[in-house]
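Peer 1: I'd like to ask some things about the structure below.
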Amino acid sequence: MSPRCRGSLLMWHWQTTELGRFLTCDLLQGFRHGFFTRDWQGQDLSALTAALGATATPLRTQQVHGDRVALAAEVLAWEQPLAADALVATGSNQALWVCSADCVPLLVADVASGRVAAIHAGWRGTAIQISKATLQQMQACGSDLANLRIAMGPAIRGEVYQVGLKVARALAQTILEGITETTDRDDLYQRFAALDPAAVFLDPDPERLRVDVARVNRLQLLQLGLRDEQIALSPHCTFRDAEFFFSYRREPLKQVQWSGIVSRFR
């Protein structure tokens, strides 16, 4: 497994401003982007976009844990945010934003065209493959999978994300054949771990497993045809890194951090 997929600290860098800190990833070099922290609570998206050094129009959706992928042109045409969990740029200098607490924020860049996307992938969105749907939409817009770079930002890590077997099966069904409602925990764990031992962990409760949703997204993207070196996973855990990130599992409050990227069409 490549260092990038282990969430190498060497690829991730803290940026500090007067308003607070945010993370950037080397894989998205050349694109203005950031995975923001709890420091920025109360700041609007214009302030976050400005922190990236951009004068772009900030765009977002109303996230509903679904698999709809919106185009930036659609969002610009409506006064109210569209219900969608991913956003694909349709022009240059568009700042795309998603919010999350424990869910996985994915920022995607096409290094050839400058097209970008932002994805919110909780376990529900991951179970219906929102990341795959977004990349397929980018392909429909003209992107080549070989030119895409994906950075997955801070999210709850598998070691501390306990889920029921129904959820674990739903996630496993996206990357494994033959998983059914009756697949027992041991078989589910062994087959899951065979693909990526860091994607699943045993839990003391025999009716539960611990699953790393970011790594499930990674496996989905690898099966779609991406290469390991096109994907970077943040080493930060929202649940354990309380100084930097909100976590709904840790504190069930409606508090989020934002992740955004700016398009640069050529």
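The values are calculated or read from the model by the stated rules, or taken from the named source; none is laboratory data. All of these numbers come straight from a predicted model, not from anything done at the bench. Reconstructed Cβ throughout: ideal geometry from the backbone, glycine too, with neighbour counts over all protein chains shown.
Peer 1: Does any residue in region 184-197 that is modelled with pLDDT of 95 or more come within less than 9 Å, Cβ to Cβ, of a residue that is surrounded by fewer than 14 Cβ atoms within 10 Å (Cβ to Cβ) and of a type in the set (D, E, K, R) six or more places away or on a different chain, and which pairs are these?
Peer 2: ARG185/GLU207
Peer 1: Considering only region 220-266, state which residues are outside any loop (DSSP other than H, G, I, E, B) and without any contact (Cβ under 8 Å) to a residue 24 or more places away in the chain.
Peer 2: The one that is outside any loop (DSSP other than H, G, I, E, B) and without any contact (Cβ under 8 Å) to a residue 24 or more places away in the chain: LEU222.
Peer 1: Which of the residues belonging to region 118-160 are under 15 Å from ASP203 (Cβ atoms) and surrounded by 24 or more Cβ atoms within 10 Å (Cβ to Cβ)?
Peer 2: ILE156, ARG157
Peer 1: Right, next: Look through region 77-100, keep the residues that are of a type outside the set (D, E, K, R) and out of contact with any strand residue (DSSP E or B) (no Cβ under 7 Å at 6 or more places or on another chain), and return whichever of them is nearest to PHE239 (Cα to Cα). Reasoning before the result, please.
Peer 2: Step one: filter region 77-100 for residues of a type outside the set (D, E, K, R), giving 77-78, 80-84, 86-100.
So of that shortlist, the ones also out of contact with any strand residue (DSSP E or B) (no Cβ under 7 Å at 6 or more places or on another chain) come out as 77-78, 80, 91-92.
Numbers: ALA77: 37, TRP78: 35, GLN80: 31, GLY91: 35, SER92: 35 Å.
Out of the qualifying residues, it is GLN80.
Peer 1: Here's a follow-up. Tell me, which residue of region 1-32 that is modelled with pLDDT under 95 and among the small types (Gly, Ala, Ser) is farthest from GLY158 (Cα to Cα)?
Peer 2: Checked region 1-32; the qualifying residue farthest from GLY158 (Cα to Cα) is SER2.
Peer 1: Is it the case that ARG38 is in contact with a helix residue (DSSP H, G or I) (Cβ under 6 Å, 6 or more places away or on another chain) and surrounded by 13 or more Cβ atoms within 10 Å (Cβ to Cβ)?
Peer 2: On the way: in contact with a helix residue (DSSP H, G or I) (Cβ under 6 Å, 6 or more places away or on another chain): no; surrounded by 13 or more Cβ atoms within 10 Å (Cβ to Cβ): yes.
For ARG38, the condition - in contact with a helix residue (DSSP H, G or I) (Cβ under 6 Å, 6 or more places away or on another chain) and surrounded by 13 or more Cβ atoms within 10 Å (Cβ to Cβ) - is not met.
Peer 1: Something else about it: Scan THR49, THR55 and give me the residue that is surrounded by 20 or more Cβ atoms within 10 Å (Cβ to Cβ) and outside any strand (DSSP E or B).
Peer 2: Working: THR55 fails: surrounded by 20 or more Cβ atoms within 10 Å (Cβ to Cβ).
Just a single option satisfies the conditions, and that option is THR49.
Peer 1: Another question, if that's okay. Working only within region 85-109, note down all residues that are over 13 Å from the mean Cα position of the chain (by Cα) and either surrounded by fewer than 24 Cβ atoms within 10 Å (Cβ to Cβ) or not assigned by TED's automatic domain parsing to the domain that holds ASP26 (or both).
Peer 2: Result: THR90, GLY91, SER92, ASN93.
Peer 1: Please indicate, with yes or no, whether at least one residue in region 75-84 is at positive phi and surrounded by fewer than 20 Cβ atoms within 10 Å (Cβ to Cβ).
Peer 2: Checked region 75-84: no residue is at positive phi and surrounded by fewer than 20 Cβ atoms within 10 Å (Cβ to Cβ).
Peer 1: Is it the case, given these coordinates, that GLY66 is outside the structural domain of ASP196 (by TED's automatic domain parsing) and touching an Asp or Glu at 6+ places or on another chain (Cβ under 6 Å)? Reasoning before the result, please.
Peer 2: Values: outside the structural domain of ASP196 (by TED's automatic domain parsing): yes; touching an Asp or Glu at 6+ places or on another chain (Cβ under 6 Å): yes.
Answer is yes for this residue.
Peer 1: While we're looking at this one, here's another question. Pick from region 185-219 the residues that are part of a helix (DSSP H, G or I) and within 17 Å of the chain's Cα centre (by Cα): which of them is surrounded by the fewest Cβ atoms within 10 Å (Cβ to Cβ)?
Peer 2: Quick first cut of region 185-219, residues part of a helix (DSSP H, G or I) only: 185-195, 213-219.
The next check asks that each one be within 17 Å of the chain's Cα centre (by Cα); those that pass are 213-219.
Details: VAL213: 27, ALA214: 30, ARG215: 25, VAL216: 28, ASN217: 29, ARG218: 28, LEU219: 20.
Within region 185-219, the match that is surrounded by the fewest Cβ atoms within 10 Å (Cβ to Cβ) is LEU219.
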